[in-house]
Amino acid sequence: MKMQALVYYRSVPRYLLSKLLNYIRPRHFFPWVAPLKLTQVKFQPPSSEWVVLRPRMCGLCGSDLNLLKGAESYLLEPYSSFPTILGHEVVAEVVAAPSGSRWLPGERVVVEPVLACRPRNLPPCRYCALGRYNLCENFTRGGLAPGPIMGFHREAGGGLAEFMAAPSQNLVRLPEHMPDEAAVLSDSLASALQPVLDNFPSDEATVVVYGAGIIGQHLIRCLRALGSEAKIIVVARHAFQQKLAQEGGADQVLLSPDRRELAEAVGGRFLPTTLGGGNVEGGADKWFDCVGSRTSLQEGLLCLRQGGTLVLVGSAGKIGGVDLSSLWFRELRLTGSAMYSTASFGGRQVRTYEVAVELLASGRHPTAGLLTHTFPLKQYAQAFQTAFDKRAHQSVKVAVDLR
């Protein structure tokens, strides 16, 4: 069966040219350069045991944008396989399911895109056995091509297509009252929820959320929805992000602050230095870096108090020129957060993706203003341009509407 799909194919020259052009014009998408085309392809599920789906909406993720910007880490090349159909933030309806499946045609679902041991027909590795399948040791092995998630995988196509397929266990059923426009936020919410569950602050803590894009906005709302009374300070780049962060529950929002302003906000003491821009004594307990840049990492290391925790949520690759002296001098904890799986919260083990859907369905996680733009698939270039240039379009989450 043939279908229309947005396909990303492997081209080193085009990838490097995209990287160069993005360096020159970082907020511009060059569709004539990107190795990307809307075309007719054969629909072939990787397994007869997978559920056939018809995507209804698909969000554009920061990892999609980084791929098109040539900003992905070269070291992560083994963890993808091309050509691939992009899109892993998928709301879909069931078209057909294997005999004995608990899924029925017409049901609406969101797709958790992680392809760990079970979809690869492998016995669980030590991390999958613990429920931490986002750390699976077999992303490059087993019965599937390399790739940890759909949308970066040549066999398990993504949601920017007329059809796709997914393992039964990767689906989460949607409540009838929940609109697609809220459901399409599930994946980005789960990406923010995992680091919150893994690094939940005490009510007395001071927390910095650095970056007020979609992940930062979700982080603020996650903390409040789960009952945190910590002081939340947000660093934003644009005024519209500042307003959203305040509406989401932030105590203070700073617009592109300098180090002295950051020190004051986190309750630290700015210490002038002859070179290096100054140090900070005392500061925040937790720093959620949703940007993954030299500046966000450096300011986090300096503005954490002794024994504080920096969580790298933004998908950073190579970062140069960062002074790491605070890491050892103050015995800081530096950790990362990859995708989502399960976590311990409230005395029980929870599946992050299911909690994300529950929060969205309950209304405890406010969504007003988060989904800012939708486009039909044929206008994919405009969709990516809108997501690239947040300042001009005031975009937060951009999605493709395939209904």
(message) Using a Gaussian network model on the chain with a 10 Å cutoff between Cα atoms, which of G59, G159, G70 fluctuates the most?
(response) G70
(message) Students often forget the sequence filter, so: which lysines lie under 23 Å Cα-Cα from K69 once same-chain residues fewer than 8 apart are removed?
(response) K19, K37, K318, K378, K390, K397
(request) Would you mind calculating the relative contact order of the chain from Cα pairs under 8 angstrom and at least 6 residues apart, reporting the percent as a whole number? (result) 17
(request) For K42, list the aspartates and glutamates whose Cα falls under 16 Å from its own Cα; do not include residues on the same chain fewer than 8 positions away. (result) E155, E162
(message) Once you place label points 7 Å from the Cα toward the Cβ at I319 and S73, how far apart are they in nm?
(response) 1.2
(request) Would you calculate the separation in nanometres between label points at L20 and E204, each defined as 7 Å from the Cα along the Cα-to-beta-carbon direction? (result) 5.7
(request) Sketch the reach of a paramagnetic label on Q349 as a point 7 Å from Cα along Cα-to-Cβ, and name the residues of the stretch 198-235 whose backbone nitrogen lies under 20 Å away. (result) 198-200
(message) So if the hydrodynamic radius of the stretch 190-342 is defined as the Kirkwood radius over C-alpha pairs, what does Stokes-Einstein give as its diffusion coefficient at 20 °C and 1.002 mPa s, in µm² per second?
(response) 141
(message) Taking every DSSP beta bridge with both residues inside the chain, roughly what % is antiparallel (nearest 5)?
(response) 60
(message) Suppose a student asked you for the relative contact order of the stretch 190-342, using Cα pairs under 8 Å spaced at least 6 residues apart; what percent would you report?
(response) 22
(message) For a quick check, take a GNM of the chain with Cα springs below 10 Å and name the residue from L262, L53, L324 with the largest mean-square fluctuation.
(response) L324
(request) Project the alpha carbons of the stretch 111-186 onto their principal axes and report the range along each, largest first, in whole Å. (result) 38, 27, 17
(message) Under the rule of at least 5 residues apart or a separate chain, name every residue whose amide H is placed under 5 Å from the amide H of T309.
(response) K286, W287, R333
(request) With N set to the residue count of the chain, report its C-alpha Rg divided by 2.2 N^0.38 Å to two decimal places. (result) 0.97
(request) Could you state the angle between the C-alpha long axis of helix 214-225 and the longest principal axis of the C-alpha atoms of the chain, as a value from 0 to 90 degrees rounded to the nearest 10? (result) 80
(request) Could you check what % of the DSSP bridge pairs in the stretch 286-401 are antiparallel, to the nearest 5? (result) 25
(message) Could you work out how much longer the chain between E264 and H177 gets when fully extended? Use 0.36 nm per residue separation minus the Cα distance between them, nm to one decimal.
(response) 26.9 nm
(message) Regarding the stretch 1-115, what's the average projected area of the Cα-atom convex hull, expressed in nm²?
(response) 8.2
(request) Starting from the Cα gyration tensor of the stretch 233-293, multiply each eigenvalue by 5, take the square root, and state the resulting semi-axes largest first in whole Å. (result) 23, 12, 10
(request) Kindly put R10, R221 in sequence by how many other C-beta atoms sit within 10 Å of each C-beta, fewest to most. (result) R10, R221
(request) Under 1.5 on a/c is rounded, so check that first for the stretch 256-396, then, if it is not, pick prolate when a/b is larger than b/c and oblate when it is not; a ≥ b ≥ c are the square roots of the alpha carbon gyration tensor eigenvalues. (result) oblate
(request) Quick one: divide the alpha-carbon radius of gyration of the stretch 17-74 by 2.2 N^0.38 Å and tell me what you get. (result) 1.50
(request) Can you tell me the relative contact order of the stretch 153-227? Whole percent, Cα pairs under 8 Å, sequence separation 6 or more. (result) 26
(request) Per residue, how big is the convex hull around the C-alpha atoms of the stretch 297-352? Give it to me in cubic angstrom, could you? (result) 97
(request) Please check which bits of the stretch 1-24 a label hung off K42 would reach, taking the label as a point 7 Å along Cα-to-C-beta and the cut-off as backbone N under 13 Å. (result) 1-3
(request) May I ask what percent, to the nearest 5, of DSSP beta bridges between residues of the stretch 190-342 are antiparallel? (result) 10
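A short reminder: the numbers here are calculations on the coordinates, not readings from a lab. Bear in mind that the values here come from a model prediction, so they are computed numbers and not experimental data. We place every Cβ from the backbone using ideal geometry, glycine too, and count neighbours over all the protein chains shown.
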